[in-house]
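Notes follow once the structure below has been shown.
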Amino acid sequence: MIIEPRVRGFICMTAHPDGCAANVGEQIAHVRARGRIDGPRSVLVVGASTGYGLASRIVAAFGCGAKTAGVFFERPGSAKRTASAGWYNSAAFERAAADAGLGAWSYNGDAFADQAKERVAGLIAEHLDGSVDLVVYSLAAPRRVHPESGETFNSIIKPIGAPFTGKTIDARTGALADAAIEPATGREVEQTVAVMGGDDWRRWMEALDGAGALAGGCRTVAYTYLGPEHTWPIYRDGTIGKAKEDLQRTAGALDRWLRARCGGRALLSVNRALVTQASAAIPTVAVYLAMLSPLLRERGADEGCIEQIDRLFRERLYVAGGVPVDGAGRIRLDDHEMAEAAQAAVRERWERVTEQGYRQVLDVDGYRREFLRLFGFGMPDVDYGADVDPQVPIPSIDG
């Protein structure tokens, strides 16, 4: 099959196995070039197949030498259809881990379900020496079926209290487009919190503890975002923001519980805005990203997922003297993004985003390149005209 990108809305419907493997290989090479990290030995990543979760698994394995278990819900390929990018990423990761002599096992299924927690606890017992000393929670999902009530919740990206109007970027054409969104209802806020808040993170930790799968001193980290005022109406002050507030409360409660239970820690890491499958769906954020990346490149401070998570492990989570946090107890990796000089430049350029001159202010081509790389397209040294097999096995799942 000759595989080309087919973009619909904010998602690419196809993915390229060789391109995804090349992307994973680049991330592994970055971590290896930075040297060894004195970090965890046995790691579970919930939401391990793309973005920050994938980067976390790569850093744990190739930086720390840890055995890893990854949880995700991805689509395998068939003779007529490509797999999802996350499937190809995970297949490439497991192959590279095997070549390096690193233990890696994966579970593909609904992470919200109790069955997933039970199966993964069994996997940890069998393959990861019985317990994990780091749990990374990096799940991004559009819906959740509650394991007790059976109720289905759907997350939605909406403002609260007033309609939102703003600009976004069409990932297929690069055109600047208008976005208008009506405010969320109270029920929609509740549903978004149920999917994207902290309840499932808490359930994972309690299930692992009940199975005896948490090592003494185990740490857990989840990822969040704050961002500048330009994104607040649709992000911090919207439905997503309410979910992130719940995640913050959960982090505090889990931290107190883990400290008492096993001398561990639960932390939130505030990461910088990046082009991911999740962020591409948020109006205004796409415009902000196309503006932010070139500004940070000018300052030598641009980072992707792998650079962020490599810095998290080396300079925050596993440093002598304890984990450095802000006044709210959060790890801050958004320091380059939120530096006053960078945000002053954003404010100045934001006023110049018009239909006629937006390409002079925004790196639209760069944004589109980063978007397509998420699905394995645009990688150097990959022959996109070659006939490739879309059916790629994940060794620990397909045998």
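Any read-out appearing in this document is the output of simple, stated calculations on the displayed coordinates, not a laboratory observation. This is a predicted model, so every value here is computed, not measured. Cβ: placed from backbone, ideal geometry, glycine included. Neighbour counts: every protein chain shown.
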Of the candidate values [x] -0.65, -0.80, -1.36; [y] -0.74, -0.83, -1.13; [z] -0.73, -0.87, -1.26, the one computed for log10 I(q)/I(0) by the Debye sum over Cα atoms at q = 0.10, 0.11, 0.14 Å⁻¹ from this structure is [x]
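Please state the shape class of the range 32-133: rounded when a/c is under 1.5, otherwise prolate if a/b exceeds b/c and oblate if not, all from the C-alpha gyration tensor.
Oblate shape, in that a/c is at least 1.5 and b/c is the bigger or equal ratio.
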Whole-number percent relative contact order across the range 10-390, with pairs defined as alpha carbons under 8 Å at least 6 apart: 21 percent
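Where in the range 363-399 are there chymotrypsin sites (Phe, Trp or Tyr not before Pro) that are in a DSSP coil and have at most 16 other Cβ atoms within 10 angstrom of their Cβ?
Details: sites: 367, 371, 375, 377, 384; in loops: 375, 377, 384.
Qualifying residues, ordered by number: 384.
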Please return the longest range in the chain lying between exposed loop sites, taking GluC sites (Glu not before Pro), DSSP loop only, at most 12 other beta-carbon atoms within 10 Å, and leaving the sites out. 152-350
Separation of alpha-carbon centers, the range 23-64 and the range 334-362, rounded to whole Å: 31 Å
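Antiparallel DSSP bridges in the range 10-390: what percent, to the nearest 5?
So the antiparallel bridges in the range 10-390 amount to around 25 percent.
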Please report, in Å, the Rg and the Dmax of the range 1-78, where both are computed over Cα atoms only. 14.6, 43
